[in-house]
Amino acid sequence: MDRFDRIFELHKLLQNARYPVPRRKLEERLECSKATVKRIISNMRLFLNAPIEYDAELGGYYYDQQGGAMYQLPGVWFNASELFALLSVDQLLAEVQPGLLEPQLGPLRERIGDLLRAQHAGSEEIPRRIRIRSAAARPGSEFFQHIAGALAERRRLALVFYSRRDDRELERTVSPQRLIHYRDNWYLDAWCHLRKGFRTFSVDAIRDARVLEAACVEFPEAELEAYYSSAYGIFSGQPDQQAVLRFTPQRARWVSAERWHPDQQSRWLDDGRYELRVPYSQTPELIMDIMKYGPDVEVMAPEALRTAVAERLRLALAQY
């Protein structure tokens with residue numbers, strides 16, 4: 001347990017107790033020493049105005065609920081990832097159209113609401129005051145259920161998809177491996193039987209999907225993870241190059257807090273610039289991320305990537 005978990009657990013123990021809670025029970029439930037229990041109680045009294053009293057006769061701690069008002073912890077008790085997860089699920093469920101799953105989804109939303117209220121003194125403010133916004137999300141595919149069904153049943157798919165790069169529709173037979181929600185859009189990781197390799201398909205670009213009787217070609221989870229997780233972003237493949245990027249001192253204040261890749265390396269230069277080294281295999285998404293920083297970033301290596309970014313900037317300038 002961390003400090004906040006112990007505070008919340010102690011609050012629940014005292015709030016629900018009919019009699020003073022012995023110190024030894026607090027040590028056991030909070031998984032800590034006598035000194036830590038005393039420190040937590042002292043901090044709650046001092047900083048959270050918790051009315052914790054000690055009953056010497058019964059040898060335990062309790063809330064002094066004078067006036068009949070039940071003490072509640074103030075503030076937010078979820079960490080950032082927990083709050084993001086709960087609100088994401090809640091907002092996604094809110095967007096589901098009424099249908100066959102409504103009897104099951106309704107209680108789930110109520111339970112999420114209970115969790116949010118339980119750690120925020122019964123307040124309705126957190127769901128109203130915190131929002132999760134999507135950026136550049138594309139509409140989903142009408143064939144999503146076919147894709148998800150084939151994935152679950154481990155059967156092959158016959159796909160017709162629109163290739164934005166070639167501006168034409170293509171047909172492929174694939175063995176679906178995973179569905180990925182990345183940057184507000186869905187992607188299908190699959191083994192392409194024509195190309196004999198792993199490919200990633202944007203689900204919104206799939207024009208038709210037929211589930212076939214043939215079983216999927218299976219791959220060990222470790223192989224999938226190694227292939228799809230090691231590369232830069234959704235454009236997968238084993239990284240065989242490293243981008244060396246240098247950001248201006250002003251922009252470095254933001255970029256130094258960003259995680260572009262699990263294996264990235266970085267350092268501060270003597271002139272205040274920030275150097276970021278990012279492994280990659282394909283360039284489309286990497287170039288898009290570089291371009292958004294405009295004059296605040298310079299590609300130092302490799303030369304091919306530097307030339308590609310320079311050409312994109314030249315074409316962009318030509319528009320003006």
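Brief remarks on what is shown
- Fewest-first sequence of F201, F143 by Cβ atoms within 10 Å of each Cβ: F143, F201
- Distant alpha-carbon pairs in region 144-230 (separation over 23 angstrom), percent: 16 percent
- Phi angles of region 21-38 translate, via the Karplus equation with coefficients 6.51, -1.76, 1.60 and θ = phi - 60°, into HN-Hα couplings of 8, x, 4, 4, 5, 5, 4, 5, 6, 8, 6, 8, 8, 4, 5, 5, 4, 4 Hz per residue; Gly and Pro are given as x.
- Computed from the C-beta positions of Q241 and M70, the FRET efficiency with R₀ = 51 Å rounds to 0.25.
- Looking at region 192-258, the GluC sites (Glu not before Pro) that sit in a DSSP loop and have at most 12 other Cβ atoms within 10 Å of their own Cβ are E218, E258.
- Prolate/oblate/rounded call for region 241-318, Cα gyration tensor, a/c under 1.5 rounded: oblate
- Most fluctuating residue given options S229, S33, S202, as computed from a GNM of the chain linking Cα atoms under 10 Å: S33
- Per-pair calculated FRET efficiency, R0 = 51 Å: Q319 and D270 via Cβ, rounded to 0.05: 0.90
- Linear extension gain, M1 paired with D184, 0.36 nm per residue minus alpha-carbon span: 62.6 nm
- Stretching the chain fully between V217 and D204 yields a gain of 2.3 nm (0.36 nm per residue, less the alpha carbon separation).
- On Cα atoms only, tilt of 102-118 relative to the major axis of the chain in degrees: 50 degrees
- Note on the chain: Rg/Rh from Cα positions, Kirkwood definition for Rh, rounded to two decimals, is 1.09.
- Estimated inter-spin distance, V89 and D296, nm [label 7 Å along Cα→Cβ]: 3.5 nm
- GNM remark for the chain: springs join alpha carbons under 10 Å apart, and the peak mean-square fluctuation among M288, M300, M70 falls on M70.
- Axis angle, to the nearest 10 degrees, between helix 3-16 and the longest C-alpha principal axis of the chain: 50 degrees.
- For the chain, calculated [θ]222 nm from helices alone, where every DSSP H run of n ≥ 4 adds -39500 (n - 2.57): -12000 deg cm²/dmol
- Acute angle (nearest 10 degrees) that the helix 80-94 long axis makes with the longest principal axis of the chain, alpha-carbon atoms: 70 degrees
- Candidates Q145, Q65, Q238, ranked by Gaussian network fluctuation over the chain, Cα under 10 Å, top entry: Q65
Bear in mind that the values in this text are calculations on the coordinates, not laboratory data. Just so you know, these numbers come straight off a predicted model, no measurement behind them. Because the Cβ atoms are built from the backbone with ideal geometry, glycine has one as well, and the counts that use them run over all protein chains shown.
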